[in-house]
Amino acid sequence: MWEYETQHIFTNDKFRRYGAFYRRYIDDIFFMWLGPIGELVEFVDNLNQLESPVKLKMSYSKEKENFLDVTVYKNEGKFQTCIYTKPTDRNTILHYNSHHPRHLLNSMPKSQMLRVARIDSEISKRRQDLQIMGEKFVSRGYPRQLVDTTLKWAEGLNRGQLLKEMDKVVGSSRSQHKGEIYYVSQFGTKSREVKDIILKHWDVVHTDEQLKGKLCRRPKFSYSRAMNLKEQLSPSDPRDKYSKKSNISMIPIQPGVFKCKGCVMCGTLILGTGFAHPHTGKKYSIRQRMSCETTMVVYIIKCPCGLLYCGKTVRQLKERIGMHRSSIRAALNPERIAREGKQDIAQQPVAKHWAEARHDASSFRCMPIEHVKAHPRGGDTEKMLLKREAFWIHELNCMSPNGMNGQVNLSCFLT
């Protein structure tokens, strides 16, 4: 649009002669015309005859005109502004009983009345629009006392000072938020409890020598919206439309771990529809159907002494199993000599444990526990796989000395 303006509007002879106060917001344009109406109509018609996908629809008036949520009108020889509402507009203000953070709901009347105070230039019109805005909030369940208090506050505001403060906020917003830390999560019934826990123990984070100089006094909390009832009952993007259903068989696919066509690696798999933690006895169910040929899986390795290792692979599981078995055989070979300049596979966590515990290589057992599917609308599937691996390492307590994992990658949660 900027290129269109530069080539066809700003360089046009008629616009340079009669055009003034040109403003644009995305695809809405506002400007003043200081010449005859006939010249304006001809100017717009010429623009619409150009070979361009941009076509203009014009609305003009000598008395008043609407632009976005503002009405610009003339009164006693001066330009005035007031808030504009479409005739077909319905009261869609967020209901006070809606499941949203309480501070957000309580701030809604203030933000909307502040908008009226900034836009309306005449005091009498401003009071009238503030009263209308207040009744809209009352009809949406907002407490009368909250609305009346906010209304009284808005009537006492100085519009000129508000517009000056707005310019300062726009210019300094980035510097004000520099160094702040935001905790972003999906809003739910436990959001308040999570916030209280983080603030309660925030001082503990400040005791870290490396972090205390980089952290702010306290974090700020932001929330993303969860799915509402309409989106759950009637999704605009149903997942089923992306899946190709076969009409050959209506038999449901049974979840669990099964053998493939009978390869060598299948002998190392732990088969079944679930597994139990060797220490706590807690049982977990397998929710997908997997085999050694499945890709993008989180898997566990169980040693004879009851320790677990949790890993992930983007390849077929049997390829990853082969790599683990090779490293175990290398660790158990006393005559093996590691090559210089190359990574010693015998020092990998699973192989190192097998050698230290003197387990037999044939005792190796592996089980895929979760398959991460690619999202139908795209996304970073490998990052999601890393997140699920981190979840299972924590859930199964696989970190050394309770398990065989030496470290866990948490960088996937930072971006």
(request) Kindly check whether there is at least one residue in the stretch 349-361 that is exposed (fewer than 13 other Cβ atoms within 10 Å of the Cβ) and over 23 Å from Pro278 (Cα atoms). (result) no
(request) Within the stretch 222-230, identify whether any single residue is at pLDDT below 90, over 19 Å from Ser111 (Cβ atoms) and either of a type in the set (D, E, K, R) or more than 25 Å from the chain's Cα centre (by Cα) (or both), and answer yes or no. (result) yes
(message) Being among the acidic types (Asp, Glu), assigned to a loop (DSSP other than H, G, I, E, B) and at pLDDT below 90: is that true of Asp203 here?
(response) no
(request) Take Lys302 and decide whether it is surrounded by 14 or more Cβ atoms within 10 Å (Cβ to Cβ), touching a residue at least 40 places away in the same chain (Cβ under 8 Å), touching an Asp or Glu at 6+ places or on another chain (Cβ under 7 Å) and of a type in the set (D, E, K, R). (result) no
(request) Identify the residue in the stretch 49-83 that is hydrophobic (A, V, I, L, M, F, W, C) and under 35 Å from the mean Cα position of the chain (by Cα) and, among all such residues, is nearest to Glu5 (Cα to Cα). (result) Val54
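Residue by residue, here is whether (1) without any contact (Cβ under 8 Å) to a residue 60 or more places away in the chain; (2) loosely packed, with under 11 Cβ neighbours inside 10 Å; (3) farther than 26 Å from Val70 by Cβ holds:
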residue: Ile9; (1), (2), (3): yes, no, no
residue: Phe15; (1), (2), (3): yes, no, no
residue: Ala20; (1), (2), (3): yes, yes, no
residue: Arg24; (1), (2), (3): yes, no, no
residue: Phe31; (1), (2), (3): yes, no, no
residue: Ile37; (1), (2), (3): yes, yes, no
residue: Asp45; (1), (2), (3): yes, no, yes
residue: Val54; (1), (2), (3): yes, no, no
(request) Could you figure out which of (1) of a type outside the set (Lys, Arg); (2) farther than 26 Å from Asn228 by Cβ; (3) modelled with pLDDT of 70 or more; (4) assigned to a loop (DSSP other than H, G, I, E, B) isn't true of Thr189? (result) (2)
(request) Filter the stretch 298-324 down to residues that are of a type outside the set (D, E, K, R), assigned to a helix (DSSP H, G or I) and touching a helix residue (DSSP H, G or I) at 6+ places or on another chain (Cβ under 6 Å) and give me whichever is farthest from Gly256 (Cα to Cα). (result) His324
(message) Of all residues being touching a His at 6+ places or on another chain (Cβ under 8 Å) and part of a strand (DSSP E or B) in the stretch 284-297, which is surrounded by the most Cβ atoms within 10 Å (Cβ to Cβ)? Just the residue, please.
(response) Val297
(message) Any residue at all in the stretch 91-111 that's surrounded by fewer than 18 Cβ atoms within 10 Å (Cβ to Cβ), over 26 Å from Lys230 (Cα atoms) and more than 31 Å from the chain's Cα centre (by Cα)?
(response) no
(message) Yes or no: the stretch 103-120 includes at least one residue that is within 30 Å of Ser185 (Cα to Cα), of a type outside the set (S, T, N, Q) and at pLDDT below 90.
(response) yes
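The values are calculated or read from the model by the stated rules, or taken from the named source; none is laboratory data. Everything numeric here is computed off the predicted structure, so don't read it as measured data. Glycine also receives a Cβ, built like all others from the backbone with ideal geometry; neighbour counts cover every protein chain displayed.
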